[in-house]
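What follows is a set of notes on a single structure, which appears directly below.
The values are calculated or read from the model by the stated rules, or taken from the named source; none is laboratory data. Treat the numbers as computed from the prediction; the structure is a model and nothing was measured. Ideal geometry is used to build each Cβ from the backbone, glycine not excepted, and the neighbour counts take in all protein chains shown. Accessible surface areas use protein heavy atoms only, side chains included; no ligands, DNA or RNA. Shrake-Rupley method; radii C 1.70, N 1.55, O 1.52, S 1.80 Å.
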Amino acid sequence: MGITFNEEAGIFKIDAPDTTYMLGIFDDERFVTHLYYGKRIVDTDVNYLYGPVYQVRPSVLPGQAGRIMDTIPFEYPTYGCGDYREHCLEVETLEGYHACDLRYEAHKIYPGKPKLVGLPATFEKEEGECTTLELICRDKTLNLKVTLLYTVFEYLNVITRTVLLTNENEKVIYIKRVLSGCLEFDHQNMDVLTLHGSWERECGPVRTPLRQGKVTTGSTRGESGPTDNPFLAVLDSSATEDVGDVFAMNLVYSGNFLGVAEGHHFRGSRVVMGINPTNFSWKLEQGESFTAPEVVMVYSDQGLGKMSRTFHDLYRRHLIRDVYPDTSRPVLINNWEATYFDFTFEKLTEIAAEAGKCGIELFVLDDGWFGNRNDEKRGLGDWFVNEEKLPGGIGRLSSEINKLGLKFGLWIEPEMVSPDSELFRTHPDWAIQIPGRHRSLFRHQYVLDWSRKEVRDYIYDMIHKVLSSANVEYIKWDMNRTLTETASAALPADRQGELCHRYVLGVYEIMGRLRNDFPSLLLENCSAGGSRFDPGVLYYSPQIWGSDDSDAIERIQIQMGASMCYPLSTIGAHISAVPNHQTGRITSLETRGYIAMAGTFGYELDITKMSDEEKKTIREQVDIYHRYNLLIKDGDLYRIGDPFGNRDYACWMNVSKDKKEALVTYIQTHALPGFFGSARKLRLKGLEEASIYEVKIISESKEVRNEEAHTEGGQELGDTCESLKLSGSALMHAGYWMKRLSGDYMGMLIHLKAE
Ligand code: DGJ
């Protein structure tokens, strides 16, 4: 079993293939302390690691009346008893006192992984994959029971953590802060990696040196948000894609969150992550429990690449419940960038007909099909079809699309209401607002109070009716604004701090009901692009629209950033029209295809306006997708070079688990002049050293070729590489020449097959 307890030493040891995590019961005071996290070790007694901490105590500092709590590496630090570093737990009593002091009480180790009530979480798929440790601590004065839960995935370098608080006092306790996990390190020689951005440029990695002080990431938007993703890693200052220690946290939660890496004054550091304490409070009555969201912790001894592959393996098998588990998901076409709100039944069916001829398999009707929704100013909340626009309703449209040989999918934004809607006129108090205070509009809409069951049920019933009236096989669930002026008409004053968390629990409940009632429905999430891209959402929805920026070149950064912890198969990516609607950039159709294939793959353009040659390319793209998608969906991702700090090219590989096949995507983002020009030799990764691979360029961007410039300087470098046989060792250590491409934004797909 991956978890053992050395009773004599008072030490718990959690082992994964390359990882050891150790915690101890400190001395007769029975504090629970963190001892070690990193590369696997064999020892079961590592009490020596406390070092000087043992000495900083009353008996060796004569005359001192207490212990210096700031020196103790607490496993779950609390506020109020002298540890001034970033803490995980703060509670308030009815009298207004804030202090909590946890001591070990008991523990259980058992096979499997418990479910978290009302919350998404990773799960054991087959017996024997997980072992769990429940460590029970208590604050005796408060009679607050705090259960720390750890699960190790025996074959992955993953440990998950969560916390369960139970009030065993006869009086109410208010939770003011409850984070999910904490890590302690005895040094600061590390960098902090977080994912930041904005609307249309989500998930940009930011690497900051850790010093004394704090690096934070977080959201108070009511959703995980586009500016900060609930991911934080600390890594050796010298760590790269392929070498060095990395310790990463990713929160399985879709609301306000906080991640902090702190270099503290005794030269060590601490990392915490959980629900953001801002505007959070939870009233715990006698006998009640509160469960914090799960934090996933990944340790990699081989840099960021291995960290990402571990997250991908975990999420694909133990978080995502794919409705297409063993096959590719259907190639879709979405009408948003083709028509926006301006569509008719005829226009939609024309698009679907043309798409069907090109092999596209799913037609998605985006925003604008319901109520009086002819623009973004109205209609949200009125989930009944606009028969003026779509005579015969969704039933007629979906059966027409089905007759054309395509599946049918639909857009919804169920958490929102427009002021100009029947729903708002009937139930103005259903929108989140603070009485007497201006209620902010954003994109002309308010957020419904999904902490209220009657509100959720009402919306769900309407959507259920639409879905039952037609053959809908895909839903795009959108969420286009953040929460502001948060208060609920249904909560008393001392529970207003619960609204944001209750809101998220409400979203999870409805997504869960949708999955249960329509088990074969493919659910894609979206929040103005990737503003709610997190593992919590992935539990319900195997894919999330990556960004409202559909520009292929911009998407490289966004998708590679998201791939830090999320598998490519989760990142919604489409080929859109050129000039691109967000940037005005012109990119070849092939290049757009290569980048969209490093995602879910689909189209978002008016296919009826495309030339015959372009439609031929689309047919080829759909064919390539079907031939290689399982490599991308289930294989290992290797980022080549530096995908973020490099203006000249981007390159990544998808390698099958048995290493017999691989697909290399190479995009030249910036053409260079001179003899070598943009030809460059890159070292491939992830292959079998001894295998001989046949290496073939299977597709190459066609447009904007200038043959003269291309051959200037003599030898056509790299042309000899178009079909080669080379060993994995040569490809990985000596490298492979990426042939010189002419022009910016050109690319190619290279296929490797072992003999
Ligand atoms: C925002 C989404 O990200 C877009 O793809 C589109 O669905 C619009 N909302 C529709 O309002």
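No other residue among GLU604, GLU554 is open to solvent by 20 Å² or more (accessible area, probe 1.4 Å) and within 16 Å of the ligand (Cβ to nearest atom) apart from GLU554. Taking the numbered list (1) farther than 18 Å from SER468 by Cα; (2) open to solvent by 10 Å² or more (accessible area, probe 1.4 Å); (3) not charged (D, E, K, R) in turn, PHE384 passes all entries but (1). For segment 378-421, a residue qualifies if it is in contact with a His (Cβ under 8 Å, 6 or more places away or on another chain), within 16 Å of the ligand (Cβ to nearest atom) and in a loop (DSSP other than H, G, I, E, B), and exactly one does: SER418.
What do you reckon, is LEU630 modelled with pLDDT of 95 or more, over 25 Å from GLU350 (Cβ atoms) and under 23 Å from the mean Cα position of the chain (by Cα)?
yes
Restricting segment 189-217 to residues that are closer than 12 Å to LEU232 by Cβ, in contact (Cβ under 8 Å) with a residue 60 or more places away in the chain and not aliphatic (A, V, I, L, M), the residue that is surrounded by the fewest Cβ atoms within 10 Å (Cβ to Cβ) is LYS214.
Per-residue answers, yes or no, for (1) within 16 Å of the ligand (Cβ to nearest atom); (2) under 23 Å from SER531 (Cα atoms); (3) buried (at least 19 other Cβ atoms within 10 Å of the Cβ):
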{"residue": "VAL447", "(1), (2), (3)": "yes, yes, yes"}
{"residue": "ARG452", "(1), (2), (3)": "no, no, yes"}
{"residue": "ILE475", "(1), (2), (3)": "yes, yes, yes"}
{"residue": "THR486", "(1), (2), (3)": "no, yes, yes"}
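Being assigned to a helix (DSSP H, G or I) and open to solvent by 10 Å² or more (accessible area, probe 1.4 Å) is the filter here, so list the residues in segment 294-309 that pass it. Selection gives LEU304, LYS306, ARG309. Examine segment 270-288 for a residue that is open to solvent by 10 Å² or more (accessible area, probe 1.4 Å) and more than 19 Å from ILE175 (Cβ to Cβ), and state whether such a residue exists. No, segment 270-288 contains no residue that is open to solvent by 10 Å² or more (accessible area, probe 1.4 Å) and more than 19 Å from ILE175 (Cβ to Cβ).
Among the residues examined, GLY530 does not qualify as away from the ligand (no atom under 16 Å from the Cβ), buried (at least 23 other Cβ atoms within 10 Å of the Cβ) and under 12 Å from the mean Cα position of the chain (by Cα).
Taking the options ARG456, ARG513, ARG495, ARG481, name whichever one is basic (Lys, Arg), assigned to a helix (DSSP H, G or I) and either within 16 Å of the ligand (Cβ to nearest atom) or closer than 20 Å to ILE394 by Cβ (or both).
On the way: ARG456 fails: either within 16 Å of the ligand (Cβ to nearest atom) or closer than 20 Å to ILE394 by Cβ (or both); ARG495 fails: either within 16 Å of the ligand (Cβ to nearest atom) or closer than 20 Å to ILE394 by Cβ (or both); ARG481 fails: assigned to a helix (DSSP H, G or I).
Of the residues listed, the single one that is basic (Lys, Arg), assigned to a helix (DSSP H, G or I) and either within 16 Å of the ligand (Cβ to nearest atom) or closer than 20 Å to ILE394 by Cβ (or both) is ARG513.
Residues that are within 16 Å of the ligand (Cβ to nearest atom) and open to solvent by less than 10 Å² (accessible area, probe 1.4 Å) were ranked within segment 535-549; the one that is nearest to HIS670 (Cα to Cα) is ASP549. Residues in segment 335-356: is at least one hydroxyl-bearing (Ser, Thr, Tyr), part of a loop (DSSP other than H, G, I, E, B) and either open to solvent by 50 Å² or more (accessible area, probe 1.4 Å) or over 23 Å from GLU422 (Cβ atoms) (or both)? Scanning segment 335-356, I find at least one residue that is hydroxyl-bearing (Ser, Thr, Tyr), part of a loop (DSSP other than H, G, I, E, B) and either open to solvent by 50 Å² or more (accessible area, probe 1.4 Å) or over 23 Å from GLU422 (Cβ atoms) (or both), so the answer is yes.
The one condition from (1) part of a loop (DSSP other than H, G, I, E, B); (2) of a type in the set (A, V, I, L, M, F, W, C); (3) within 16 Å of the ligand (Cβ to nearest atom) that MET564 does not meet is (3). Residue pairs whose Cβ atoms lie under 7 Å apart, separated by 6 or more positions or on different chains, with the first residue in segment 349-361 and under 15 Å from SER398 (Cβ atoms) and the second open to solvent by 10 Å² or more (accessible area, probe 1.4 Å) and in a helix (DSSP H, G or I), are THR349/GLU400; ILE351/ALA338; ILE351/THR608.
Could you please find all residues in segment 339-361 being within 15 Å of the ligand (Cβ to nearest atom) and under 31 Å from the mean Cα position of the chain (by Cα)? Passing the criteria: THR339, TYR340, PHE341.
Looking only at strands (runs of 3 or more DSSP E) that fall completely inside segment 101-188, which ones have 1 or more residues that are open to solvent by less than 20 Å² (accessible area, probe 1.4 Å) and under 23 Å from GLN286 (Cα atoms)?
130-139, 144-153, 158-167, 173-185
Answer yes or no as to whether SER550 is in contact with a His (Cβ under 9 Å, 6 or more places away or on another chain), of a type in the set (S, T, N, Q) and modelled with pLDDT of 95 or more. It is true that SER550 is in contact with a His (Cβ under 9 Å, 6 or more places away or on another chain), of a type in the set (S, T, N, Q) and modelled with pLDDT of 95 or more. Scanning segment 626-637 for residues that are more than 9 Å from SER656 (Cα to Cα) and surrounded by fewer than 20 Cβ atoms within 10 Å (Cβ to Cβ) yields HIS626, ARG627.
State all residues of segment 247-278 that are over 19 Å from TYR79 (Cβ atoms) and either free of Cβ contacts under 8 Å to residues at least 60 places away in the same chain or not assigned by TED's automatic domain parsing to the domain that holds VAL163 (or both); if no residue qualifies, say none.
none
Between THR220, THR151, THR166, THR208, the distinction of being in contact with a Ser or Thr (Cβ under 8 Å, 6 or more places away or on another chain) and within 23 Å of ILE556 (Cβ to Cβ) belongs to THR208 only.
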